[in-house]
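The values are calculated or read from the model by the stated rules, or taken from the named source; none is laboratory data. As the structure is a computational prediction, the values presented were derived from the model and not from experiment. Note: ideal-geometry Cβ built from the backbone for every residue, glycine included; neighbour counts use all protein chains shown.
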């Protein structure tokens, strides 16, 4: 073991497999301790894989999501724990309906922060990863995940905050995941054009271009790229473990692995806060963390 610890904080089961998954698999395989913290049970998730839309599945969705999460964690080689909050669901409509009473996005920030601080103080991570202020997309649980993660990063080392939540521990670095960039899709599209083949994610690319006009490409925020192509198969295995959520014929698997490894072999992060000195750009989430911090 290297003595270094990485905590990846996610809103729902399956998020850990679609955002930074190969990176967590890489660090775990290299002897670091890696813990995925799943804030909600994903109970409100729809069945997105037609093959799983069978009688009885929806009635057992809470239990099934936990089984899927265990299989995904095993595929990545990481530990995983639940924070125990209830999935808020993604409200749809104009205006959108109110969130369910008691759901994660409505839980007081201090209550959710204390719960995460307790896990931080127990696991004692050197590095934490989460989402940026947009949540990656506007799901209320993703935005709340950002808020809770940032609050816990700031509070965990303060003995005056949540004194009943364990011995204080100060994480050293906080990163935001930035996996779905326009530049990455355009690189794949260019490669398909070079090969004279139609790009299977053209619709996704078109949507990303419209989004980038409004908000810019997330690559402009990236500070840290992790070469992790060796672990793309583990990432895909973890995705497939979430069988109710991930269609094996869907977009995540449209581009062959060998092409992915050759054209874009990295995963992207933004260094949001650091308590150690480091030089940008980075190629290691633990950059700047020395023996004195272990």
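Below is a table of values for the structure above.
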read-out	value
Any chance residue 134 is crowded, with 19+ Cβ neighbours inside 10 Å, within 23 Å of residue 41 (Cα to Cα) and outside the structural domain of residue 211 (by TED's automatic domain parsing)	no
Which numbered condition residue 56 misses (of (1) modelled with pLDDT under 95; (2) at negative phi)	(2)
Any hit, region 5-18, residues being at pLDDT 95 or above, under 19 Å from residue 123 (Cα atoms) and in a helix (DSSP H, G or I)	yes
Residue selected from region 184-199 under the condition buried (at least 16 other Cβ atoms within 10 Å of the Cβ) and in contact (Cβ under 8 Å) with a residue 24 or more places away in the chain, by the criterion nearest to residue 268 (Cα to Cα)	184
Qualifying residue in region 234-248 (condition: in a loop (DSSP other than H, G, I, E, B), surrounded by fewer than 15 Cβ atoms within 10 Å (Cβ to Cβ) and touching a helix residue (DSSP H, G or I) at 6+ places or on another chain (Cβ under 9 Å))	yes
Count - residues of region 82-131 that are assigned to a strand (DSSP E or B) and in contact with a strand residue (DSSP E or B) (Cβ under 6 Å, 6 or more places away or on another chain)	7
Verdict on residue 202 being within 30 Å of residue 273 (Cα to Cα), at pLDDT 95 or above and either in contact with a helix residue (DSSP H, G or I) (Cβ under 6 Å, 6 or more places away or on another chain) or outside the structural domain of residue 76 (by TED's automatic domain parsing) (or both)	no
Selection status of residue 41, touching a helix residue (DSSP H, G or I) at 6+ places or on another chain (Cβ under 7 Å) and surrounded by fewer than 23 Cβ atoms within 10 Å (Cβ to Cβ)	yes
Residues within region 251-275 that are assigned to a loop (DSSP other than H, G, I, E, B) and either farther than 21 Å from residue 197 by Cα or touching a residue at least 12 places away in the same chain (Cβ under 8 Å) (or both), tallied	5
Residue tally, condition in a loop (DSSP other than H, G, I, E, B) and either surrounded by fewer than 17 Cβ atoms within 10 Å (Cβ to Cβ) or more than 14 Å from the chain's Cα centre (by Cα) (or both), over region 138-178	18
Candidate set: region 219-233, residues that are outside any strand (DSSP E or B) and in contact (Cβ under 8 Å) with a residue 60 or more places away in the chain; chosen: the one farthest from residue 135 (Cα to Cα)	230
